[in-house]
Amino acid sequence: MKIHIIGCSGSGKTYLANALSKKYNNDEWIIEGVYYAWVQQFFDEADKIYVLDMPSYLYKSRIIMRSIKRKLGIRKGKKDIHNTDSCKWHRNRLS
């Protein structure tokens, strides 16, 4: 199953991607984010598309807390997480 998750920063895209990967044991791809240059191809290929629409107070507070935790070294950044073997979901790369 191919799943695409979109939403603004702090809306929970990565959290949902990890949860869905565990639930479905997805061997194809779960991709999250919205980047205009390549998004149409993934919309066309996706079996399911989840749109996360959160109130601004919620995603703004999540972004602030995430930034504070990263600065304090409590939480790793996304680049640090995706470069490790502990990543539970896959990105389909454009050829």
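The values are calculated or read from the model by the stated rules, or taken from the named source; none is laboratory data. Computed from a predicted model, the values in this text were never measured in an experiment. Positions of Cβ are backbone-derived with ideal geometry, glycine not excepted, and every protein chain shown enters the neighbour counts.
Out of curiosity, is GLY73 at pLDDT below 90, on the phi > 0 side of the Ramachandran plot and under 15 Å from the mean Cα position of the chain (by Cα)?
Against the criterion (at pLDDT below 90, on the phi > 0 side of the Ramachandran plot and under 15 Å from the mean Cα position of the chain (by Cα)), GLY73 does not qualify.
Specify the residue that is nearest to the chain's Cα centre (by Cα); the eligible residues are those in segment 47-60 that are in contact (Cβ under 8 Å) with a residue 40 or more places away in the chain and within 22 Å of ARG75 (Cβ to Cβ).
Checked segment 47-60; the qualifying residue nearest to the chain's Cα centre (by Cα) is LEU52.
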Any idea which residue in segment 26-55 is nearest to ILE6 (Cα to Cα), counting only those that are of a type in the set (A, V, I, L, M) and at pLDDT below 80?
VAL34
Please determine whether any residue of segment 17-31 is outside any strand (DSSP E or B), among the charged types (D, E, K, R) and in contact with a strand residue (DSSP E or B) (Cβ under 8 Å, 6 or more places away or on another chain).
yes
